[in-house]
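Participant: To start, I am sharing the structure in question, which I have written as structure tokens.
The values are calculated or read from the model by the stated rules, or taken from the named source; none is laboratory data. None of the values given here were measured: they were computed from a predicted structure. Cβ atoms come from the backbone with ideal geometry, glycine included; neighbour counts cover every protein chain shown.
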Amino acid sequence: MSDSHDNLVKIRRAVEIFNREKISILFHAGDFVSPFTAREIKNIYCPFLGVFGNNDGDRLFLLEQFQKIGSIYPEPYKTEIDGKKIIMFHKDDVISDLARSKQYDLIIYGHTHKIDYYKEGKTTVINPGECGGWLTGKSTVAIFDLADLNVHMIELT
């Protein structure tokens, strides 16, 4: 998920879907905005990882509120899970170059509020769009399978 922008109703709905689908980790590609978003994200049944976005205000309080749930990092956040190299950003400045480099299996980003999903060789690129729905009027999240890197985009109603 990305760009939830304080929309607690949509965050709650996303968490319900993620729990129902039994995801194993929740990635948030930035722009939580306010620390109170932790009230809904804390209900996730799996580990949580996020990166800061350009609209995230009180970063110290965000870190404090989310420390019980998981971790928020400055971008980029890099990890390896089940042999897959993953990198997560908020902004989209280097995404296409990084995809062409084939250094990562999965690139997750946000910021544009637009769904983006493509493969560049072995690299899968995902922007789940905006969870908050404030800018486009469409609230979306994505679920992906690390085994085959197939992506399922979900519109939150």
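Participant: Test of understanding: among 140, 157, which residue is exposed (fewer than 13 other Cβ atoms within 10 Å of the Cβ), of a type in the set (S, T, N, Q) and closer than 24 Å to residue 10 by Cβ?
Facilitator: Working: 140 fails: exposed (fewer than 13 other Cβ atoms within 10 Å of the Cβ).
It is 157.
Participant: When region 36-73 is examined, which residues are found to be in contact with a helix residue (DSSP H, G or I) (Cβ under 8 Å, 6 or more places away or on another chain), among the hydrophobic types (A, V, I, L, M, F, W, C) and more than 23 Å from residue 143 (Cα to Cα)?
Facilitator: Correct list: 36, 61, 62.
Participant: Return the only residue of 84, 138, 119, 91 being among the basic types (Lys, Arg) and within 15 Å of the chain's Cα centre (by Cα).
Facilitator: 91
Participant: Can I ask one more? Given 11, 17, 72, 23, which one is in a loop (DSSP other than H, G, I, E, B), among the aliphatic types (A, V, I, L, M) and either surrounded by 14 or more Cβ atoms within 10 Å (Cβ to Cβ) or at pLDDT 95 or above (or both)?
Facilitator: Residue meeting the stated conditions: 23.
Participant: Could you please give the count of residues in region 126-137 that are of a type in the set (A, V, I, L, M) and not in a strand (DSSP E or B)?
Facilitator: Residues that pass the stated criteria total 1.
Participant: How many residues, within region 85-125, are surrounded by 14 or more Cβ atoms within 10 Å (Cβ to Cβ), among the charged types (D, E, K, R) and part of a strand (DSSP E or B)?
Facilitator: Of the residues in that region, 3 qualify.
Participant: While we're on this one: Taking into account only those residues within region 33-65 that are assigned to a loop (DSSP other than H, G, I, E, B) and in contact with an Asp or Glu (Cβ under 6 Å, 6 or more places away or on another chain), which is farthest from residue 78 (Cα to Cα)?
Facilitator: Result: 34.
Participant: Return the only residue of 113, 90 being at pLDDT 95 or above, on the phi > 0 side of the Ramachandran plot and out of contact with any helix residue (DSSP H, G or I) (no Cβ under 7 Å at 6 or more places or on another chain). Working first, answer last.
Facilitator: Numbers: 90 fails: on the phi > 0 side of the Ramachandran plot.
Step by step, each of 113, 90 is checked, and only 113 is at pLDDT 95 or above, on the phi > 0 side of the Ramachandran plot and out of contact with any helix residue (DSSP H, G or I) (no Cβ under 7 Å at 6 or more places or on another chain).
Participant: Tally up the residues in region 138-149 that are closer than 16 Å to residue 18 by Cα and either free of Cβ contacts under 8 Å to residues at least 24 places away in the same chain or not in a loop (DSSP other than H, G, I, E, B) (or both), please. Please lay out each step first, then the result.
Facilitator: Filtering region 138-149 down to residues closer than 16 Å to residue 18 by Cα leaves 139-146.
With the extra rule that they be either free of Cβ contacts under 8 Å to residues at least 24 places away in the same chain or not in a loop (DSSP other than H, G, I, E, B) (or both), the set shrinks to 140-145.
Matching residues across region 138-149 total 6.
Participant: Please go through (1) surrounded by 18 or more Cβ atoms within 10 Å (Cβ to Cβ); (2) farther than 18 Å from residue 54 by Cβ for residue 145 and return the number of the only condition it doesn't satisfy.
Facilitator: Result: residue 145 passes all but (1).
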